[in-house]
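Taking it in order: structure first as structure tokens, then the write-up.
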Amino acid sequence: MCISIPGKVILIKGGSAKIKQDGHFHWADISSLEDEIKKGDYLITYQETAINKISPKDAEEILRLMDSASDARVKSSN
């Protein structure tokens, strides 16, 4: 199963956006998105392709929940 982590757009160049995602940087194709994408937006990506733009509120909630799940998994393995 694949889980996509929200990534924040830090640069746009043509039809691609440089994304900061979970502490790493990568480029994603944004040409198929209908929404205007700008620096600071959050995207869900799959295999270097942006599949959806999400609100900052939703992105922060997803990231918070993932951190909580990760913390719980670490505590249960100790």
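What the table shows:
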| read-out | value |
| --- | --- |
| Flag if E48 is modelled with pLDDT under 95 and in contact with a Phe, Trp or Tyr (Cβ under 7 Å, 6 or more places away or on another chain) | yes |
| Filtered residue count, the range 46-71, keeping only those that are closer than 21 Å to A17 by Cβ, surrounded by fewer than 13 Cβ atoms within 10 Å (Cβ to Cβ) and among the small types (G, A, S) | 1 |
| Per-region count, the range 36-66, residues of a type in the set (G, A, S) and touching a residue at least 40 places away in the same chain (Cβ under 8 Å) | 1 |
| Hits in the range 1-45 (condition: surrounded by 14 or more Cβ atoms within 10 Å (Cβ to Cβ), small (G, A, S) and either within 8 Å of the chain's Cα centre (by Cα) or assigned to a loop (DSSP other than H, G, I, E, B) (or both)) | S4, G7 |
| Tally, over the range 1-20, of residues that are among the polar types (S, T, N, Q) and modelled with pLDDT of 90 or more | 1 |
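The values are calculated or read from the model by the stated rules, or taken from the named source; none is laboratory data. On a predicted model such as this, the values are computed, not experimentally measured, just so you know. A quick note on method: Cβ atoms are made from the backbone with ideal geometry, for glycine too, and the neighbour counts reach across all protein chains shown.
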